[in-house]
Every structure is written in structure tokens, then in C-alpha cells.
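Reviewing the structure listed below.
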Ligand code: NAP
């Protein structure tokens, strides 16, 4: 589907941010071409129930919600390519984007490639995703009212998630592979002082239990010093070992922080390259919610529209 046409806007990424950018740019008559990725839908595709997205009073499962987002953008003419972008060239306008050998060009690009929660890497973890295993306490803690949860990690996210979970869970085990924390002292203190939280240090989760029944029943822990194993009964596992932004394609051309997150000008979606915008989790390591990603996608669309309008005005003045 290579094209010699120069599009007004290309969107890279198909999660809440990318689909919202597609919806807004389509409704602005910008005829967006959106590369939603081979695994379209983003992080919500592994979320069984979304209860915190306004407008869905009964909640909605993540994949259905993303299908709705996509359909809404398509209704207004957004075109989707269900494939991964393999190369970009932002050195001059029109910008160029490739999928394999196929080349596409556009006056603006909105990057919405998101981030992925790091996984422990266990087969049982994969099988029980959405069936006890979660990567977001803000999203899923409420499902663990009066239940027992395990949080894995020793950074600020793990401390924050463990503390947040105590609003619902009756008991929270915080499992960390060392006995020192990456998290700030104040957050460790708060977790340590919470009577519902019990620290389990120098330990790894080596198995999530319950695969046969299709629902998590606990975790198998291994002591990192003695190698001893023991089973811990629990209803939920919150993996909080960090996130990786999907930025490999852009690190050479777009400004990013030390963790790879793209840097945008405060209060906007502008990157260091005029005409290239970044939205959603690829530039947000703080909020990371579907609703904030969608809002950010809207900002990217409006910024791209205004950028093109300003360019057109400049060209008219020079003519
Ligand atoms: P992080 O600081 O990178 O911490 C990740 C933690 O997970 C580390 O303790 C690490 O252990 C552990 N870990 C990594 N891979 C693991 C594995 N395969 N198995 C078991 N444990 C593993 O990530 P984060 O906590 O998500 O924080 C990311 C950034 O956001 C940080 O800059 C943080 O300060 C910030 N943040 C701030 C706040 C706040 O201020 N309210 C809240 C959340 C996050 P090791 O320590 O042994 O490497």
C-alpha cells in the first residue's frame, strides 16, 4: 500500500492515544493514515475489565473498548494499517515512514507507540493475565476487596501500588529480589508502616499458581540466597517492575529522557522536531491511564492541525 501521496498526518501507534488522534484528525478532514501495529490496541488488550473510563458505567473489557475506539475513528474516514512501522526519517519534511519496503510520506507525524509494562517472563504469568495477574493497581485494585495480593518490585511504583492496594485488599505481600530498595525512602517508610503490608525480601516469584483452574491461587517464591522455595496463597499478583516506552525507532531523532521516554514541550505534544508530535504513554511515565492517553491523543491532533494551519498561512503570506 505504498503511496507517493503526501498525507497531512501519519499516526504511529494504535492504543487509546493513537485512536483518539485518528478520530480527531479524521473529523478535522486531515485524512489520517494510522499505523496501528501488528498487535493493535495497546496495553488495554491485556486488561479484562476497565471500570475507570468515564462513559462506561458498567465497565467494559479492554479489547472491546479498543475496538470501539478504532471503529469511531474509522467512521470518520481514518485509514488503518495493521502493521508495525520499521523505519522513520524525520530529517526533513515531508517526513518519511516505512513498513518494510513500503514508504509513506506526511507533513506531520503523531507518535503514539505507548509503553509496555515489564513482565517477569513466566509462562504461568502470561496465562493468568487478567485472571489474577495485573500490571496496574490503579486499574485493578478494586477487584481485590478483602482478598490477598502480592506486589513484585522494589521501586516507587511497587511501593505506591502496595499502598494503594491496602484500600481494598486485606493483606498485601511486597516481594522484592533484594533487601535494598530503589524506591525513595519516604515511600518505603509509608509501606513499612502500613499494617496490611508485609515485606518479603530477597525473593523471586518463580511461578504463578492456578493455571489448571484458570484463576490465580498463589505464587511460588524462591529465596535468592538459599534457593529455598515456598508457596504463598494469594488472589492477585501485581507486577510493578517498571515500564519500557516503545521508542527504538525514534531515539536517534527525537529528544528522550534517560529511560527512553520522548520529551514534549510542557503543556503540549510538540517534540524537538516541528511537525512531529508525541502523545500517550510514550511520553508519559507518570499518569499512564487510558483516559490520560486519550486526552493526550486529542492534544496531538489539535497541535498537528494548528501546525498545518500556521504553515499554510505562512505560505499564503509569502505568495
Ligand atoms: P524502577 O525504579 O525501575 O524499579 C523497578 C523495580 O523492579 C526495581 O526494584 C527492580 O529491582 C525490580 N525489578 C526489575 N526487573 C525485575 C525482575 N525481572 N524481577 C523482579 N524484580 C525486578 O521502576 P518504577 O518503580 O516503575 O519507577 C519508574 C520511575 O517512575 C522511577 O523514576 C520512579 O521514581 C518513578 N515513579 C515515581 C513515583 C512517585 O514519585 N510517586 C511513583 C511511581 C514511579 P532492582 O532494584 O533489584 O533492580
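The values are calculated or read from the model by the stated rules, or taken from the named source; none is laboratory data. Keep in mind the model is a prediction, meaning the values are calculated, not measured. Because the Cβ atoms are built from the backbone with ideal geometry, glycine has one as well, and the counts that use them run over all protein chains shown.
Observations on the model:
- Condition check for residue 83: within 24 Å of residue 20 (Cα to Cα), at pLDDT 95 or above and not in a strand (DSSP E or B): yes
- Being at pLDDT 95 or above and over 30 Å from residue 157 (Cα atoms) holds for only one residue in 310, 315, and it is 310.
- Residue that is farthest from the chain's Cα centre (by Cα), among those in the range 1-42 that are surrounded by fewer than 19 Cβ atoms within 10 Å (Cβ to Cβ) and under 19 Å from residue 245 (Cβ atoms): 38
- Which numbered condition residue 213 misses (of (1) at negative phi; (2) within 16 Å of the ligand (Cβ to nearest atom)): (2)
- Restricting attention to the range 261-288, the residues that are surrounded by fewer than 19 Cβ atoms within 10 Å (Cβ to Cβ) and at pLDDT below 95 total 3.
Yes/no matrix, rows are residues, columns are (1) touching a strand residue (DSSP E or B) at 6+ places or on another chain (Cβ under 6 Å); (2) in a loop (DSSP other than H, G, I, E, B); (3) within 18 Å of residue 292 (Cα to Cα):
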{"site": "17", "(1), (2), (3)": "no, no, yes"}
{"site": "23", "(1), (2), (3)": "no, no, yes"}
{"site": "29", "(1), (2), (3)": "no, yes, no"}
{"site": "34", "(1), (2), (3)": "yes, no, no"}
{"site": "37", "(1), (2), (3)": "no, yes, no"}
{"site": "54", "(1), (2), (3)": "no, yes, yes"}
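- Scanning the range 217-244 for residues that are away from the ligand (no atom under 13 Å from the Cβ), in a loop (DSSP other than H, G, I, E, B) and under 27 Å from residue 287 (Cβ atoms) yields a single hit, 235.
- Residue count for the range 247-270 under the criterion of being part of a loop (DSSP other than H, G, I, E, B) and farther than 10 Å from residue 283 by Cα: the result is 14.
- Residues (within 15 Å of the ligand (Cβ to nearest atom) and in a loop (DSSP other than H, G, I, E, B)) located in the range 115-139: 118, 119, 120, 121, 122, 135, 136
- Sub-6 Å Cβ pairs linking a first residue in the range 13-34 that is on the phi > 0 side of the Ramachandran plot to a second residue that is part of a helix (DSSP H, G or I) and surrounded by fewer than 24 Cβ atoms within 10 Å (Cβ to Cβ), at least 6 apart or interchain, number zero.
- Condition check for residue 169: within 14 Å of the ligand (Cβ to nearest atom) and not in a strand (DSSP E or B): no
- Residues of the range 95-114 that turn out to be in a loop (DSSP other than H, G, I, E, B) and either crowded, with 18+ Cβ neighbours inside 10 Å or not assigned by TED's automatic domain parsing to the domain that holds residue 296 (or both), as a count: 3
- Output for the range 140-165, where each listed residue is away from the ligand (no atom under 15 Å from the Cβ), farther than 22 Å from residue 220 by Cα and without any contact (Cβ under 8 Å) to a residue 60 or more places away in the chain: 145
- In the range 170-189, the residues that are under 24 Å from residue 235 (Cα atoms), within 27 Å of the chain's Cα centre (by Cα) and surrounded by 15 or more Cβ atoms within 10 Å (Cβ to Cβ): 172, 173, 174, 175, 176, 177, 188
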